[in-house]
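As structure tokens, the structure follows; a few thoughts come after it.
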Amino acid sequence: MPLVSMRQLLDEAAKGGYGVGAFNVNDMEQIQAIMGAAKETKSPVIIQASRGARQFAQDKYLFHLILAAAELNPEIPIAMHQDHGNSFETCKSAIDLGYTSVMMDGSLKEDGKTPASFEENVAVTKRVVDFAHERGVTVEGEIGVLGGVEDGHGAGGTGLEHVTDPDQAVEFAELTGVDALAIAIGTSHGAYKFSKKPDGSVLKMDVLIAIHKRLPNTHLVMHGSSSVPKDLQDVINKYGGKLKETWGVPVEEIQLGIRNGVRKINVDTDNRLAMTGAIRKVLWETPEKFDPRDYMKPAREAMQKVVAQRMTQFGQAGHAGDYQAVSITEIAKGYKNGSLSTRPLVAAK
Ligand code: G3H
Ligand code: 13P
Ligand code: ZN
């Protein structure tokens, strides 16, 4: 199957009432782990690359590795997505390369650190939407600001400082015409999200539910959705790592989100933990080894296990064969003739 538009993938997820994991990649092994899990669980999938990933792997390597994944797995719908685009130019470069979806994260200024004004966010996101939709490419926007810093990207803080205002979410969706909307409900990027077990009052699920009530047909996106499982932390620390005690987003909260309009769930940290733990174990137990395959194979397997588990928990498992890819050219026509709506349905308060 050719790469699919993320809009098609999320529209299908909405019909089926499930969520789709969006997993970050930087290299071949991570792409193979995701595809192994997608094949194993028969899942459609979103593969996403941050600006840091595109720089680390180099655009062409990453792009062609993902094309190889599509070629080798014709039965799996794959959307290729730019994660946290910081400017029109970043999104344009991904679209020019062949990505089928981009995130314009206008919640932060171009430096990727300073919160932007509502007006700045609307202006840059709308510009990306106009450019992308003409080419059949999906756009995710963000309203509200997540916490934490990843690879220099992020506003820092706990994630509770810029929780999304439901009225602003409605206005933002109306003004920009985004296909998917990332909201801030108290999560943050990275391993250090919460310093105690979230007890149901830590994440602002009430805000998410309020946004979904006002925008019942809008695909919501949860960033910072790693669960940071204790067993993965333990493996790292057992084999010489030094992670401080930490908690992530409980899977049940994500599942509650999925029942309330969340269609895309971003996971990176859990996979990083799984791979690092597996590598540490091999090097600790057999320090004489030096062939990268001796530790990259277990690392890839450990990541595949986590991804497959998330695919099952998010409900995307078993849905790979539900539909055929609509070409990006046809999707572009759909935006133009209005069959793919960019006007959100807004419910009264
Ligand atoms: O947005 C955060 C993702 O985990 C990507 O992180 O910018 O370190 O590649 P990165
Ligand atoms: P985590 O750090 O929780 O995995 O979040 C990843 C993310 O939101 C990527 O955009
Ligand atoms: Zn994110």
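The values are calculated or read from the model by the stated rules, or taken from the named source; none is laboratory data. As the structure is a computational prediction, the values presented were derived from the model and not from experiment. Positions of Cβ are backbone-derived with ideal geometry, glycine not excepted, and every protein chain shown enters the neighbour counts. Ligands, DNA and RNA are excluded from the accessible area calculation, which covers all protein heavy atoms including side chains. Shrake-Rupley method; radii C 1.70, N 1.55, O 1.52, S 1.80 Å.
Data table
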item: Residue within the stretch 82-92 that is within 14 Å of ligand 1 (Cβ to nearest atom), open to solvent by less than 30 Å² (accessible area, probe 1.4 Å) and hydroxyl-bearing (Ser, Thr, Tyr) present; result: yes
item: Pair list, Cβ < 7 Å and 6+ apart or interchain, from the stretch 76-89 residues that are under 18 Å from Leu108 (Cβ atoms) and within 15 Å of ligand 2 (Cβ to nearest atom) to residues that are acidic (Asp, Glu) and open to solvent by less than 10 Å² (accessible area, probe 1.4 Å); result: His84/Asp105; Gly85/Asp105; Asn86/Asp105
item: Filter result for Lys289 (under 22 Å from the mean Cα position of the chain (by Cα) and among the basic types (Lys, Arg)); result: no
item: Qualifying residue in the stretch 216-228 (condition: in contact with a Gly (Cβ under 7 Å, 6 or more places away or on another chain), more than 16 Å from ligand 2 (Cβ to nearest atom), open to solvent by less than 10 Å² (accessible area, probe 1.4 Å) and more than 29 Å from Tyr295 (Cβ to Cβ)); result: no
item: Within the stretch 1-26, tally of residues that are open to solvent by 30 Å² or more (accessible area, probe 1.4 Å), part of a loop (DSSP other than H, G, I, E, B) and either more than 22 Å from Gly224 (Cβ to Cβ) or among the hydrophobic types (A, V, I, L, M, F, W, C) (or both); result: 3
item: Residue check, Asp111 among the charged types (D, E, K, R) and not in a helix (DSSP H, G or I); result: yes
item: Test: residue in the stretch 48-68 that is under 20 Å from Tyr323 (Cβ atoms), more than 12 Å from ligand 1 (Cβ to nearest atom) and either without any contact (Cβ under 8 Å) to a residue 40 or more places away in the chain or open to solvent by 10 Å² or more (accessible area, probe 1.4 Å) (or both); result: no
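Yes or no, residue by residue, for (1) in contact with an Asp or Glu (Cβ under 8 Å, 6 or more places away or on another chain); (2) open to solvent by less than 10 Å² (accessible area, probe 1.4 Å); (3) over 30 Å from Ser101 (Cα atoms); (4) of a type in the set (Gly, Ala, Ser):
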position	(1), (2), (3), (4)
Ser195	yes, no, yes, yes
Asp199	no, no, yes, no
His212	no, no, no, no
Asp231	no, no, yes, no
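Conditions tested, residue by residue: (1) more than 29 Å from Ala184 (Cα to Cα); (2) not in a strand (DSSP E or B).
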site: Lys264; (1), (2): no, no
site: Gly277; (1), (2): yes, yes
site: Lys289; (1), (2): yes, yes
site: Met296; (1), (2): yes, yes
site: Met303; (1), (2): no, yes
site: Ala308; (1), (2): no, yes
site: Gln324; (1), (2): yes, yes
site: Glu330; (1), (2): yes, yes
site: Val346; (1), (2): no, yes
